[in-house]
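These notes are about the structure you will find just below.
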Amino acid sequence: MTIITDERCTEFCRPGHPERPERIRLTTQKLRSQTELTLKWTSPASVEEASLLRAHSAEHLARLQEPQDFDLDTPYFPEIATFARASVGAALTALKLARAGEPTFSLMRPPGHHATRTRAMGFCYLNNIAIAALEALATGTRQVAVFDFDVHHGNGTEAILLNQTGAVFFSIHQYPCYPGTGLRNLGNNCFNYPVPPETPRLEYRHILSDALQHLQTFKPDVVAVSAGFDCYAHDPLAQETLLPEDFYWMGQSLRGLGVPVFSLLEGGYSNDLPELVLAYLKGIDGK
Ligand SMILES: [Zn+2]
């Protein structure tokens, strides 16, 4: 199991914002101090412009350089374009390692699944997972599946991958909740599983399980996971019910697919994030 991270991803913050550097700092500490998993650590690769432009417009890339907030949730930071690119670099490194048979987790920020082709939103600037999925297709993968278990709908990933040959997208998310999309399936390849707030955890697991079975019918060569830990019972930004053992189960279920899997950190805002990530990684690793 390889963890991809980089100190750059803790170098920007706005006081009081839930998407904060401690998420990564504390998770890194937890993973470095635990002894149950044997982890390798690596840094993100650099990113070619062409990889970004498969998912985003040139105007969007230029906008990231302009010192003006994108919306109330999504502040401008000096060098945010550089930080966002590092997060993309980690996603591409994760893809590469997964294809070589190495399970991988990108422990980076900013997250990406709300960023659309033309817009930064919901704490996201560049859509890491969509860029990685399109990179996979451009470099020989026949079928890539994106599995998004963040509690919020992966609207940006959906918008970018909609009707993309070779890609399928699955999002399991609380509805109603931010960003208000994801109630129905879209196009021929985007499948949404809206879950009411406070759905009992075993029922939630059942829905995740249904989505995974559906995903398997597409026989993906690689599965890219938008791993958001905000469906946790004590997350401050949503009202779902999952416990650490459910993230372990999630990891185990993904491992059980028997195809290369890589995961990128999306949301997860409770102070228990480190424990949730560790539980998930244990499941992926088969411990
Ligand atoms: Zn989220």
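The values are calculated or read from the model by the stated rules, or taken from the named source; none is laboratory data. Please read these numbers as outputs of a predicted model, since none were measured by experiment. Here the Cβ positions follow ideal geometry from the backbone for every residue, glycine too, while neighbour counts run over all protein chains shown. Ligands, DNA and RNA are excluded from the accessible area calculation, which covers all protein heavy atoms including side chains. Shrake-Rupley method; radii C 1.70, N 1.55, O 1.52, S 1.80 Å.
Beta carbons closer than 6 Å, at least 6 apart along the sequence or on distinct chains, pair a first residue in segment 216-233 that is aliphatic (A, V, I, L, M) with a second that is open to solvent by 10 Å² or more (accessible area, probe 1.4 Å) and within 16 Å of the ligand (Cβ to nearest atom) for Ala233/Thr241.
Cβ separations smaller than 9 Å between residues 6+ apart or across chains give the following pairs from segment 57-69 residues that are touching a residue at least 24 places away in the same chain (Cβ under 8 Å) to residues that are part of a helix (DSSP H, G or I) and of a type in the set (Val, Ile, Thr): Leu64/Ile80.
The single condition among (1) under 17 Å from the mean Cα position of the chain (by Cα); (2) more than 23 Å from His214 (Cβ to Cβ); (3) more than 16 Å from the ligand (Cβ to nearest atom) that Asp285 does not satisfy is (1). In segment 198-210 there is at least one residue matching the filter, namely being of a type in the set (A, V, I, L, M, F, W, C), more than 15 Å from the ligand (Cβ to nearest atom) and free of Cβ contacts under 8 Å to residues at least 12 places away in the same chain. Of the listed requirements (1) touching a residue at least 12 places away in the same chain (Cβ under 8 Å); (2) open to solvent by 10 Å² or more (accessible area, probe 1.4 Å); (3) away from the ligand (no atom under 15 Å from the Cβ), Ile160 misses just one: (2).
From the list Arg54, Arg8, Arg63, pick out the single residue that is within 30 Å of Ala167 (Cβ to Cβ), buried (at least 16 other Cβ atoms within 10 Å of the Cβ), out of contact with any strand residue (DSSP E or B) (no Cβ under 9 Å at 6 or more places or on another chain) and at pLDDT below 95. The unique qualifying residue is Arg8.
A quick yes/no check of all residues on (1) crowded, with 24+ Cβ neighbours inside 10 Å; (2) small (Gly, Ala, Ser); (3) within 16 Å of the ligand (Cβ to nearest atom):
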{"residue": "Phe77", "(1), (2), (3)": "no, no, no"}
{"residue": "Ile80", "(1), (2), (3)": "no, no, no"}
{"residue": "Ala94", "(1), (2), (3)": "yes, yes, no"}
{"residue": "Ala138", "(1), (2), (3)": "no, yes, no"}
{"residue": "Cys177", "(1), (2), (3)": "no, no, yes"}
